[in-house]
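Participant: One structure, pasted below without further comment.
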Amino acid sequence: MPEPDAPRKPPKRFWLYAPYVLLAVAAVGWSGWWVYGRGRIAAGLDAAAASAQAAGGELSWRTRRIGGYPFRFDVTLEGARAAEASGWSLAAPELKAETYAYRPDRWIAVAPRGVVLTRPGKGAAAIAGEALRASISDLAASPPRVAVEGVNLTFTPQAGGAPLPIAAARRIELYMRPQAGDQAGVLFKLEGGKAADGPLARIAGDKPVSAALEGQFERFGALRGGGWAQAARNWAGAGGAFTLIQGGLTAGDASLSMRRATLTVGGDGRLRGVVPTDLHKAAGALPGLNASVNLTFEAGRTTLGPVAVGDAPRLF
């Protein structure tokens, strides 16, 4: 008689279950990493709020939510406010920021209900628009990469507040990038602006205003300290300067182009320096003027050629 078949060994099921086991382990590990990252973000916000308070300022919010599991970190702040001891502040009814969990060094933020900017001695102005967003990346760099963009913006003074130089703008962009030699490159653009009351409005009339400026901060690493005012003083004291590479302003039929110049900050916190400019086809307040004149910041005042424009910009 034929020999009976040898008993069969039970099939190995390891390779059947192994992928699921590995997936479960990975999910648990990733979840742990996400929870850890969420805690780091919360701790970072709390530390920044404490640091601002220690410097005489404020960084606060009414409510805070951190979500976005599993692949993002989403931070929503209701009633957010950042203020400097000097009197500058920025408040947002709602501020949303997000980053990828696998690349937490690049954040994108939006203010869907606009912001309120308060200037020392000039009160508050509401800034609203179709889009108001910013991004920051390469956080370990000095400075990090920053981009700010606003689309179809309006600038409305609040009760008791003075108007900003412009009442509206089709687009505003601001970029900052690290550069070699402890420098920070800056680029600013304004398109389709509408001038508020004042000299700019008299020159532009009902026509649009546009502006552009490119430059770089020297000795940017010295811009550190407890709060903006102290950081700006430290920077100025270390020989910090702003090199204007090129710039321009168009207001209606008038245009002003700025050539290369170096600007510093005095002990009073106001801008100092002389910017060579070319003024063309001016109308309204400066009828028929076509000339090369200096834009001068000195002794706390701003003059364009022989014409007094107003106070020199104050940094702290």
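Participant: Could you please find all residues in region 149-164 being more than 16 Å from T118 (Cβ to Cβ) and not acidic (D, E)?
Facilitator: Answer for region 149-164, where residues must be more than 16 Å from T118 (Cβ to Cβ) and not acidic (D, E): G150, V151, N152, L153, T154.
Participant: For region 129-143, give me each residue that is crowded, with 18+ Cβ neighbours inside 10 Å and either at pLDDT below 95 or closer than 12 Å to G114 by Cα (or both).
Facilitator: G129, L132, P143, listed by residue number.
Participant: Tell me, please, whether a residue that is crowded, with 19+ Cβ neighbours inside 10 Å and assigned to a strand (DSSP E or B) can be found in region 223-231.
Facilitator: No: region 223-231 contains no residue that is crowded, with 19+ Cβ neighbours inside 10 Å and assigned to a strand (DSSP E or B).
Participant: What pairs come up if the first residue lies in region 211-230 and is more than 30 Å from L256 (Cα to Cα), the second is among the charged types (D, E, K, R) and assigned to a helix (DSSP H, G or I), and their beta carbons are under 9 Å apart, counting only those six or more places apart or on different chains?
Facilitator: Close Cβ pairs satisfying both conditions: G225/R233.
Participant: Evaluate the following for A97: is it closer than 27 Å to Q230 by Cβ, modelled with pLDDT of 95 or more and not basic (K, R)?
Facilitator: yes
Participant: Name, by its number, the condition in (1) within 18 Å of G227 (Cβ to Cβ); (2) in a helix (DSSP H, G or I) that does not hold for G87.
Facilitator: (2)
Participant: Quick check, is P93 out of contact with any Ser or Thr (no Cβ under 7 Å at 6 or more places or on another chain), assigned to a strand (DSSP E or B), of a type outside the set (K, R) and in contact (Cβ under 8 Å) with a residue 60 or more places away in the chain?
Facilitator: Answer is no for this residue.
Participant: Another question about this same structure. Restricting to region 107-138, and then to whatever is in contact with a Lys or Arg (Cβ under 8 Å, 6 or more places away or on another chain) and either of a type in the set (F, W, Y) or not in a strand (DSSP E or B) (or both), can you tell me which residue is farthest from S89 (Cα to Cα)?
Facilitator: Top of the filtered list is D138.
Participant: Same structure again: Kindly indicate which of R38, R81 is among the charged types (D, E, K, R), touching a Phe, Trp or Tyr at 6+ places or on another chain (Cβ under 7 Å), buried (at least 17 other Cβ atoms within 10 Å of the Cβ) and within 23 Å of A134 (Cβ to Cβ).
Facilitator: Of R38, R81, the one residue that is among the charged types (D, E, K, R), touching a Phe, Trp or Tyr at 6+ places or on another chain (Cβ under 7 Å), buried (at least 17 other Cβ atoms within 10 Å of the Cβ) and within 23 Å of A134 (Cβ to Cβ) is R38.
Participant: Please go through region 52-78 and give me each residue that is assigned to a strand (DSSP E or B), over 30 Å from R233 (Cβ atoms) and in contact (Cβ under 8 Å) with a residue 24 or more places away in the chain, ordered by number. Break it down into steps so the answer makes sense when it comes.
Facilitator: Here is the first cut: in region 52-78, the ones assigned to a strand (DSSP E or B) are 58-60, 63-67, 72-78.
Subsequent filtering for residues that are over 30 Å from R233 (Cβ atoms) retains 63-67, 72-76, 78.
Selection gives I66, R72, F73, D74, V75.
Participant: Tally up the residues in region 104-121 that are on the phi < 0 side of the Ramachandran plot and out of contact with any strand residue (DSSP E or B) (no Cβ under 9 Å at 6 or more places or on another chain), please.
Facilitator: Count: 0.
Participant: Sticking with this one: I'd like to verify a number: residues in region 186-213 that are surrounded by fewer than 17 Cβ atoms within 10 Å (Cβ to Cβ) and part of a strand (DSSP E or B), how many?
Facilitator: At the first step, the residues of region 186-213 found to be surrounded by fewer than 17 Cβ atoms within 10 Å (Cβ to Cβ) are 187-189, 191-192, 197-198, 202, 205-207.
Adding the requirement that they be part of a strand (DSSP E or B) leaves 187-189, 191-192.
Residues meeting the conditions: 5.
The values are calculated or read from the model by the stated rules, or taken from the named source; none is laboratory data. Remember, predicted model here, so these are calculated numbers, not experimental data. Using ideal geometry, Cβ is built from the backbone for each residue, glycine included, and neighbour counts are taken over all protein chains shown.
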